[in-house]
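J.: Let me begin by handing over the structure; questions about it come next.
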Amino acid sequence: PVPQPPTITLQSPKDYIFDPRENIVIHCEAKGKPTPSFSWTRNGTHFDVEKDSNVLTKPGSGTLVIDISGEKAEAYEGTYQCTAHNEHGTAVSNNIVIRQSRSPLWSKERNEAITVQMGVSLVLQCRPPAGLPPPVIFWMDNSESFRLPLDKRVSQALNGDLYFSNVLPEDTRSDYICYARFPHTQTIQQKQPISVIVLNNSPEGERPPGFMMPLGPASAKMVLRGETLELECIAEGLPTPDISWQKDGGELPSSRMSFHNFKKTLMISDVNEADAGDYRCSATNNLGNAHHMIKVTVKAAPFWVSAPRNLILAPNETGILTCRVNGEPKPKITWFVNGIRLENAPEDHSRKVEDDTVILSNVQTGSSAVYQCNASNEFGYLMANAFVSVLAEAPRVLTPPNQVYQVIANHPALLHCASFGSPIPTITWFKDSQTSIRNGDPYVIHENGTLEIHVAQPLNSGKYTCIATNNLGIRENHVFLEVKEPTRILKQPEYKVVQRGMSAMFECKVKHDPSLIPTMTWLKDSGELPDDERFVVDTDSLTIKDVTDEDEGTYTCIMNTTLDRDSASAMLTVWLGGPEMPSVLAEKPDPPTDLELTDQTERSVQLTWIPGDDHNSPTERFLIQYEDLLHQPGVWVNLSEVAGTSTTARLSLSPYIYYSFRVLALNRVGYSRPSQPSRQYRTNPAGSEHADIFKKIMYNCPLTGFKSNGPGLEYKVLWRQKDTDGEWSSRSVANVSQCVVSGTPTFQPYEIKVQAFNDYGSGPEPEVMIGYSGEDLPLSAPESLQVMVHNSTLAEVHWEPVSIPSVRGKLQGYKVYYRRERGLHATEEETDQEEQVLTFSGNRSEGRLPGLQPYSLYNLFIRVVNSKGEGPQSSSKTFETPEGVPGPPSFLNVTTSSLDSLTLQWGPPMNNNGRLAGYTLKYQPGTPVNNTNELGPVKVMMFLANETTTTLGNLNSSMLYKFYLSAKTIKGSGPIVTEEAFTVIDTGGSRVHILTVKAFNLTRAYPCSPPIFLPPAPISVCPAVPSRQVDIATQGWFIGLMCAIALLILVLLIVCFIKRNKGGKYPGNKEDAHQDPEIQPMKEDDGTFGEYSDTEDHKPLKGSRTPSNGTVRRDESDDSLVDYGEGGDGQFNEDGSFIGQYSGKKEKDTHEGNESSEAPSPVNAMNSFV
């Protein structure tokens, strides 16, 4: 097996309070090769476990089980530390402080009765005994056996005392009892009862507020970063004061803030540095107010920026351990090796310590060790183990041989080649054992050896071979790729409106790869179908028989295969069979198509057509129109109507007309668009068909010249009011198209006849038509306005329709006028915004208002509309829209940059759409100036609403960073704004100026959206955009370098010329070609030594096409040999040799010795690692 230094995998928390009724269990587990041995110290000295009969060690670990049933538990209190050791190093645990939980009794005391006048303030002190951990305090009345009712007048402080802002007669009790509940032992202790007598013979009068706690005008509070800040103000006064809070010069963090104890306590969770400042609590009643200022300072126990990580190095390589922490005050960093301070450890010339960094140069076999980093300040400490293992191992491929990868076409394909070796093997790929695969479209070979095909196609199927090589050997492995056709729903289920008692059928026809077995599932409203035999599922359909009201909802068909899925949904609306079908989902029908003329005669023709989609409202009838291309081109005249179930009509025609026909479909929503016109059909002129012609007078007034059939054409117009037996009034008019009759009442129905006559006589008796007299403006306004707000942008308004007689005309509909008055932000002023109008046709009583602005106050009113105009305005109605997601920040700029930091500044959104909760900043390293087009992992930072600038430190120099910023409210984050910037290019020291190589006049393909990767999905392809470019010709260092090179070349030419003229030879030194093996090159991109750096800031950038599952990332030297020695699938072969996974795997146990230890309590600060 491969040797491995110890790694702590599990340890007890730093502060361990035990119950004396139970055994003490102190965890310490570790792994390594050989298996580590364990030892313990207590209070800094060796703890001989074997000599104590009450202490047992769990087999295979260092965990201690201490039996305290027959001993005094206090004897085992103290500070414990575990050590795990094998021949390759020593790992140590945190200092674990063991303390016994305590629930002491109250000291004996005699409480005198308290006598007070009504209206004065009063404090009943609890003063519980100091337990471990502290007890939970509550007050009870012994006579009633339940907790005292608390309100804004009577409240319990954080320290347990009971405060009365003013006492009342009902506060008289003989047994106010304070109880302390100790959580570990689950015991409850009580204080001696306190008697309170409230007198009413000289009551206290009304008075302005004053503070009972804290006292004075100001106080101070210190809180640690990450903890919960608790601020408390309790005031007295009569009437009882109200408490309010504010922060001077800033806003309270609404997302982390809460009020308790009737607003007397302000709590802010997860405190950060921005929470420091002055907090003002105010007490107010009708006689005045009082203020108290609390100055809050935020300190911080040490917290990790980057913990040291395990290193695996080959002989003669160089590695770096980095221990980056922060805190307030700044933590002190101390390094240990195998549990011994570096100052006291044997001298090692290959090791160099620079504050938070240990540089190991030219390591040799046998120099494996475990390093410890301890960072401490007065508030706590952090300690992490990181081993350095020096190995020389030939390559091994860990991916199982002949593995078959299946992927859906147009999705990424990942072919793995996990390997182990030291030095780290180089991976090369071949397709079908012949074609060498190189980085570049369509392939990417990742650092951990995984081959990625961006968009897999069927032609990519085949056999792939990966070869792992280092200077100690070579290994190969074969895998196979199968690219499958995607699963697609060809015919989706359609929306249905079905009458109750009828059947509904949803179709769902699917296409899939023949080699994949599909499974179809139907859901109703995202849940399983009801267990009802009325629901019949076939291969490609769902039928619901005898539909009931409960069947209404959304039905989804889901087609799953082992590789992908597709789904489609449709809604079922159940119609109860009333006079009108519901408006849900109904639309105007599509126009008929394919008009055809058949059975043509002199005066008739057969017209047929194909109906369009009725859009969930059955077609009621078809309207047939014609155009006379000879006499009135462009004018369409109604000719005939047929039932909605017909698709043909026999049309009677008039002579001497050039006909073109079109058809419109009508459902309850309205008419469709007209169909395309039919071909032209001409009728011949008539000999003597006066009856037919005059019959048209009623419909085609005035008659065209070809229909008058004689001179002197006039019209006789007759009318009388409908439903009366009065005489017909009449008037004769010339050949015009209208006749105006005055003096009629408003909008009354009339019977009207129009008869044509000429010099040869009158036409046939005309039919009676119904018409209406003129309209006037409506008299009434809609009433009973109600507004239902559905979400932040949609509201529904309801009203009571006006009476039909008050319309005084043909009802056109209702107009809703609405205007945004202002936003709901306290600081936002009223704005003069344009009034918006929505018209709802017909006799409606409700309508929806879309496109509203979130978190706003709106005002609306309604008018009824007829053909004459609008009626009076209804009463106004105001309503508020709830919060929504904010708009994008108004700008995002990078204001300053340096070698390792960038300062960002941004502006608040133009539209907050609610109370701004803060900002989310995501950023990732992009392309270093000398690297390929790749993007690194995304880091996320949260900011308060009042923060508009930040400085990002610990960045890599000469690096492009991409930033994505969004604002957020309680409803979520809004759209992002993006920015990108380079850190300053480093030209000093031993770093090569990277602007001298490639990276110019290239194009970089940027992702369509921030690369926060999801499970494999189709890749979006975006056009390449020009890379940011730097004009190196204007750089001072470049000009100087070029001058120096030119001068050097000139000197060499002169020397060569002189030597040649003298007959000498230009000497060469073969040794120049060999580099001193003691000298290790520095990387161009990060300045680290050698190849196996493991600091957080020096990891290589990851590609922008890195797949979402994160499996293709190699974390360089953070590979833990722990992963190769135990657990996992197939980690040992038959002879026990090591084949554990090498690449990309991280420690999974959160208690790993090299993981971060969380910020400790002050107890831990006193027991900082030694």
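J.: For Arg915, state whether it is open to solvent by 60 Å² or more (accessible area, probe 1.4 Å), within 28 Å of the chain's Cα centre (by Cα) and charged (D, E, K, R).
T.: Numbers: open to solvent by 60 Å² or more (accessible area, probe 1.4 Å): yes; within 28 Å of the chain's Cα centre (by Cα): yes; charged (D, E, K, R): yes.
So Arg915 passes the test.
J.: Is there a residue being loosely packed, with under 15 Cβ neighbours inside 10 Å and modelled with pLDDT under 95 anywhere in the stretch 292-305?
T.: Among the residues of the stretch 292-305, not one is loosely packed, with under 15 Cβ neighbours inside 10 Å and modelled with pLDDT under 95, which makes the answer no.
J.: Could you identify the single residue in Ser654, Ser567 that is of a type in the set (Ser, Thr, Tyr), open to solvent by less than 70 Å² (accessible area, probe 1.4 Å) and out of contact with any strand residue (DSSP E or B) (no Cβ under 7 Å at 6 or more places or on another chain)?
T.: On the way: Ser567 fails: out of contact with any strand residue (DSSP E or B) (no Cβ under 7 Å at 6 or more places or on another chain).
Among Ser654, Ser567, only Ser654 is of a type in the set (Ser, Thr, Tyr), open to solvent by less than 70 Å² (accessible area, probe 1.4 Å) and out of contact with any strand residue (DSSP E or B) (no Cβ under 7 Å at 6 or more places or on another chain).
J.: Oh, and also: Just a yes or no: is a residue in the stretch 492-500 modelled with pLDDT of 90 or more and not in a loop (DSSP other than H, G, I, E, B)?
T.: no
J.: Going through the stretch 866-879 one residue at a time, which ones are assigned to a strand (DSSP E or B) and surrounded by 14 or more Cβ atoms within 10 Å (Cβ to Cβ)?
T.: Pass one, the stretch 866-879, residues assigned to a strand (DSSP E or B): 866, 870, 877-879.
The answer is Asn866, Glu870, Lys877, Phe879.
J.: Okay, next question. Checking the conditions here, which among Asn326, Asn338 is open to solvent by 10 Å² or more (accessible area, probe 1.4 Å) and farther than 27 Å from Asn272 by Cα? Steps first, please.
T.: On the way: Asn326 fails: farther than 27 Å from Asn272 by Cα.
Among Asn326, Asn338, only Asn338 is open to solvent by 10 Å² or more (accessible area, probe 1.4 Å) and farther than 27 Å from Asn272 by Cα.
J.: Output the number of residues of the stretch 494-520 satisfying the condition of being within 24 Å of Ile408 (Cα to Cα) and either under 33 Å from the mean Cα position of the chain (by Cα) or of a type in the set (Gly, Ala, Ser) (or both).
T.: 8
J.: Gly250 fails exactly one of the following numbered conditions: (1) open to solvent by 40 Å² or more (accessible area, probe 1.4 Å); (2) closer than 30 Å to Pro208 by Cα; (3) in a loop (DSSP other than H, G, I, E, B). What is the number of that condition?
T.: So the condition that Gly250 fails would be (1).
For every residue, the table says whether it meets (1) open to solvent by less than 20 Å² (accessible area, probe 1.4 Å); (2) assigned to a loop (DSSP other than H, G, I, E, B); (3) of a type in the set (Val, Ile, Thr).
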| residue | (1), (2), (3) |
| --- | --- |
| Trp139 | yes, no, no |
| Ser155 | yes, no, no |
| Asn159 | no, yes, no |
| Asn166 | yes, yes, no |
| Asp175 | no, no, no |
| His184 | no, yes, no |
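J.: If you take the residues of the stretch 952-972 that are surrounded by fewer than 17 Cβ atoms within 10 Å (Cβ to Cβ) and either small (Gly, Ala, Ser) or modelled with pLDDT of 90 or more (or both), which of them is nearest to Gly884 (Cα to Cα)?
T.: Within the stretch 952-972, the first condition is being surrounded by fewer than 17 Cβ atoms within 10 Å (Cβ to Cβ), and the residues that meet it are 953-954, 970, 972.
Filter once more, so that each one left must be either small (Gly, Ala, Ser) or modelled with pLDDT of 90 or more (or both): 953, 972.
Values: Gly953: 33, Gly972: 8 Å.
Selected residue: Gly972.
J.: Moving on. Enumerate the pairs (first residue in the stretch 867-896 and farther than 30 Å from Gly914 by Cβ; second residue anywhere and part of a strand (DSSP E or B) and among the hydroxyl-bearing types (Ser, Thr, Tyr)) with beta-carbon separation below 7 Å, excluding pairs fewer than 6 apart on the same chain, so at least 6 apart or on different chains.
T.: Qualifying pairs under 7 Å: Thr896/Thr903.
J.: Additional query: Against the definition (surrounded by 14 or more Cβ atoms within 10 Å (Cβ to Cβ), under 30 Å from Leu313 (Cβ atoms) and of a type in the set (Gly, Ala, Ser)), how does Gly473 come out, yes or no?
T.: Numbers: surrounded by 14 or more Cβ atoms within 10 Å (Cβ to Cβ): no; under 30 Å from Leu313 (Cβ atoms): yes; of a type in the set (Gly, Ala, Ser): yes.
So Gly473 fails the test.
J.: Given the criteria under 30 Å from Val816 (Cα atoms), at pLDDT 85 or above and not small (Gly, Ala, Ser), does Met941 qualify? So that I can check it myself, show each step before the final result.
T.: Details: under 30 Å from Val816 (Cα atoms): no; at pLDDT 85 or above: yes; not small (Gly, Ala, Ser): yes.
In short, no.
J.: Moving to a separate point now. Out of the residues in the stretch 343-362 meeting the condition of being part of a loop (DSSP other than H, G, I, E, B) and in contact (Cβ under 8 Å) with a residue 12 or more places away in the chain, tell me which one is surrounded by the fewest Cβ atoms within 10 Å (Cβ to Cβ).
T.: Asp355
J.: Go through the stretch 894-907 and give me each residue that's open to solvent by 70 Å² or more (accessible area, probe 1.4 Å) and at pLDDT 90 or above.
T.: Gln905
J.: Is there any pair linking a residue in the stretch 711-722 that is in a strand (DSSP E or B) to one that is at pLDDT 85 or above and of a type in the set (Val, Ile, Thr), with Cβ under 8 Å and at least six apart or on different chains, and which?
T.: Tyr715/Val754; Lys716/Val754; Val717/Ile752; Val717/Val754; Leu718/Ile752; Leu718/Val754; Trp719/Ile752
J.: So is Arg621 over 30 Å from Val497 (Cβ atoms), in contact (Cβ under 8 Å) with a residue 12 or more places away in the chain and open to solvent by 40 Å² or more (accessible area, probe 1.4 Å) or not?
T.: Numbers: over 30 Å from Val497 (Cβ atoms): no; in contact (Cβ under 8 Å) with a residue 12 or more places away in the chain: yes; open to solvent by 40 Å² or more (accessible area, probe 1.4 Å): yes.
Considered against the rule, which asks whether it is over 30 Å from Val497 (Cβ atoms), in contact (Cβ under 8 Å) with a residue 12 or more places away in the chain and open to solvent by 40 Å² or more (accessible area, probe 1.4 Å), Arg621 comes out as no.
Yes or no, residue by residue, for (1) under 31 Å from the mean Cα position of the chain (by Cα); (2) within 19 Å of Gly462 (Cα to Cα); (3) free of Cβ contacts under 8 Å to residues at least 12 places away in the same chain; (4) open to solvent by 50 Å² or more (accessible area, probe 1.4 Å):
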residue: Val407; (1), (2), (3), (4): yes, yes, no, no
residue: Ile424; (1), (2), (3), (4): no, no, no, no
residue: Trp429; (1), (2), (3), (4): no, yes, no, no
residue: Leu451; (1), (2), (3), (4): yes, yes, no, no
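J.: Among the residues of the stretch 62-94 satisfying the criterion of being among the small types (Gly, Ala, Ser) and buried (at least 19 other Cβ atoms within 10 Å of the Cβ), which is modelled with the lowest pLDDT?
T.: From the stretch 62-94, those among the small types (Gly, Ala, Ser) are 62, 69-70, 73, 75, 78, 84, 89, 91, 93; that's our starting set.
Narrowing the set further to residues that are buried (at least 19 other Cβ atoms within 10 Å of the Cβ) leaves 62, 73, 84, 89, 91, 93.
Values: Gly62: 94, Ala73: 83, Ala84: 96, Gly89: 94, Ala91: 96, Ser93: 96.
Looking at the filtered set, the residue picked out is Ala73.
J.: Take the conditions modelled with pLDDT of 90 or more and not hydroxyl-bearing (Ser, Thr, Tyr) and apply them to Ile197. Does it pass?
T.: Numbers: modelled with pLDDT of 90 or more: yes; not hydroxyl-bearing (Ser, Thr, Tyr): yes.
Yes.
J.: Any residue at all in the stretch 95-106 that is within 30 Å of Phe387 (Cα to Cα), in contact with a Cys (Cβ under 9 Å, 6 or more places away or on another chain) and surrounded by 14 or more Cβ atoms within 10 Å (Cβ to Cβ)?
T.: Filtering the stretch 95-106 down to residues within 30 Å of Phe387 (Cα to Cα) leaves 95-98.
After this cut, where a residue has to be in contact with a Cys (Cβ under 9 Å, 6 or more places away or on another chain) as well, the list is 96.
This time we only want the ones that are surrounded by 14 or more Cβ atoms within 10 Å (Cβ to Cβ), so: 96.
Yes.
J.: If Thr365 satisfies every condition in (1) closer than 30 Å to Arg565 by Cβ; (2) of a type in the set (S, T, N, Q); (3) open to solvent by 40 Å² or more (accessible area, probe 1.4 Å) but one, which is the exception?
T.: Only one criterion is unmet by Thr365, namely (1).
J.: Just for the stretch 225-270: of the residues that are of a type in the set (A, V, I, L, M) and within 30 Å of Glu328 (Cα to Cα), which one is farthest from the chain's Cα centre (by Cα)?
T.: By that ranking, first place goes to Leu231.
J.: In the stretch 501-538, which residues are outside any loop (DSSP other than H, G, I, E, B), loosely packed, with under 13 Cβ neighbours inside 10 Å and touching a residue at least 40 places away in the same chain (Cβ under 8 Å)?
T.: Hit for the stretch 501-538 is Thr519, nothing else.
J.: Which residue pairs have Cβ atoms closer than 8 Å, lie 6 or more positions apart in sequence or on different chains, and pair a first residue in the stretch 255-268 that is without any contact (Cβ under 8 Å) to a residue 60 or more places away in the chain and of a type in the set (Val, Ile, Thr) with a second residue that is in a strand (DSSP E or B) and surrounded by 21 or more Cβ atoms within 10 Å (Cβ to Cβ)?
T.: Close Cβ pairs satisfying both conditions: Ile268/Leu229.
J.: Could you tell me which residue of the stretch 628-651 is modelled with the highest pLDDT, considering only residues that are over 17 Å from Tyr671 (Cβ atoms) and open to solvent by less than 50 Å² (accessible area, probe 1.4 Å)?
T.: Ranking the candidates gives Leu651 first.
J.: How do the pairs read when you match residues in the stretch 28-57 that are touching a residue at least 40 places away in the same chain (Cβ under 8 Å) with residues anywhere that are of a type in the set (S, T, N, Q) and open to solvent by 60 Å² or more (accessible area, probe 1.4 Å), using Cβ under 8 Å and keeping only pairs 6 or more apart or on different chains?
T.: Note: pairs meeting the criteria are Phe38/Thr57.
The values are calculated or read from the model by the stated rules, or taken from the named source; none is laboratory data. All of these numbers come straight from a predicted model, not from anything done at the bench. All Cβ positions, even for glycine, are placed from backbone atoms using ideal geometry, and neighbour counts span all protein chains on display. Heads up: the accessible areas ignore ligands, DNA and RNA and are worked out on the full protein's heavy atoms, side chains in. Shrake-Rupley method; radii C 1.70, N 1.55, O 1.52, S 1.80 Å.
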